[in-house]
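Chemist: After the structure tokens below, expect a handful of questions from me.
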């Protein structure tokens, strides 16, 4: 994240990005795409530093979600509101992009935590940050340590308590998804990771690796992305995995019990087609999930057997119910192959005329 504050008279400067395109383990793309090859939702976290964002273009180019900075520090200082926060929240809502928000904390006392809670609640009134309200309490600009003499590495217990206080206060306002942003070093050497993960969500910042280095609901994997629709030279990139409690806000939760798979199909040559195996590779996995989602978003047009196999409940439409049924199979809640095998004798007898 890029962070500066009106409180800080001098900063360390902006680190020059020598290369805006970084490839590692197939994760980074110069243009992101919705639901990648591992079934992960792809998103960005942004602030005023990213400029005026065209959220429709960003969505069309693969942004599934966003995390938006709303400000920093105490309430009651208009210059500490992120000047693009309201615009970005409105833009995501208009484009149909689920989002969360974060505040950058300067708190070194519990009273200042209370003020940052008030700052958060004021900024999100009338908005719906379903992907979390996040407390970023790193000391990225050295304010705590060098201006206030509050070294995070010797005050980890206090900072952990600040995080717990913030999360509990936001939950008291009725918000369910609340958590803490920090890098791995902070979660290992400053904060009590166990307490935080037991009481809220974890947003991990760890760049240059192929998968998260610790359990988290949200992973910031790069600070050097480029996304069509976002004009800044570099964008923070994030991933949400299918096992995250936030994933259901992007890919719909499993359907009601009344939404069940339809019988699979036996073709004239006796071939069994299993609904859900959209690409016909004898597996139902994140590739099929991605194909169904692309059909729903209008990015591809499935035809013939592919459409039939994507239309899992056989209602002549490929929609969020079908997407949820594929997800249910991937998570092990149903077995579409087993259902097809159970149906096969019945289907064969129905196709055989005495």
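The numbers here are math on the coordinates, done by the rules we state, and not lab data. If you're wondering where the values come from, they're calculated on a predicted model, not measured in any experiment. Virtual Cβ from ideal backbone geometry, glycine too; neighbours counted across all protein chains shown.
Chemist: Which length gain, in nm to one decimal place, applies between residue 335 and residue 114 when the Cα-Cα distance is subtracted from 0.36 nm times their residue separation?
Modeler: 74.7 nm
Chemist: State the extension gain, in nm to one decimal, for the chain segment bounded by residue 77 and residue 54, taking 0.36 nm per residue of separation less the distance between their alpha-carbons.
Modeler: Between residue 77 and residue 54, full extension yields an extra 5.5 nm.
Chemist: Still on this model: Sort largest first and round to whole Å: the equivalent ellipsoid semi-axes of segment 178-289, each the square root of five times a Cα gyration tensor eigenvalue.
Modeler: 38, 19, 13
Chemist: Using Cα pairs under 8 angstrom and six or more residues apart, how large is the relative contact order of segment 41-249, in percent?
Modeler: 22 percent.
Chemist: Over all directions, how big on average is the projection of the convex hull of the alpha-carbon atoms in segment 41-249, in square nanometres?
Modeler: Mean shadow area of the hull around the Cα atoms is 10.8 nm².
Chemist: Same structure again: Modelled label-to-label distance, residue 271 and residue 151, 7 Å Cα→beta-carbon offset: nm?
Modeler: 6.9
Chemist: What is the calculated FRET efficiency for residue 315 to residue 161, with r their C-beta to C-beta distance and R₀ = 35 Å, to the nearest 0.05?
Modeler: The value I calculate is 0.10.
Chemist: Here's a follow-up. Using 1/(1 + (r/R0)^6) with R0 = 45 angstrom and r between the beta carbons of residue 185 and residue 342, what's the FRET efficiency to the nearest 0.05?
Modeler: 0.30
Chemist: What whole-number distance in Å separates the alpha-carbon centres of segment 325-341 and segment 83-109?
Modeler: Cα centroid of segment 325-341 versus Cα centroid of segment 83-109: 37 Å apart.
Chemist: Based on the Cα gyration tensor of segment 265-341, what are the three equivalent ellipsoid semi-axes, each the root of five times an eigenvalue, rounded to whole Å and given largest first?
Modeler: The equivalent ellipsoid of segment 265-341 has semi-axes of 18, 15, 10 Å.
Chemist: If each residue of separation counts as 0.36 nm, what is the full-extension length gain between residue 299 and residue 192 once their alpha-carbon separation is subtracted?
Modeler: Result for the pair: 34.2 nm of gain on full extension.
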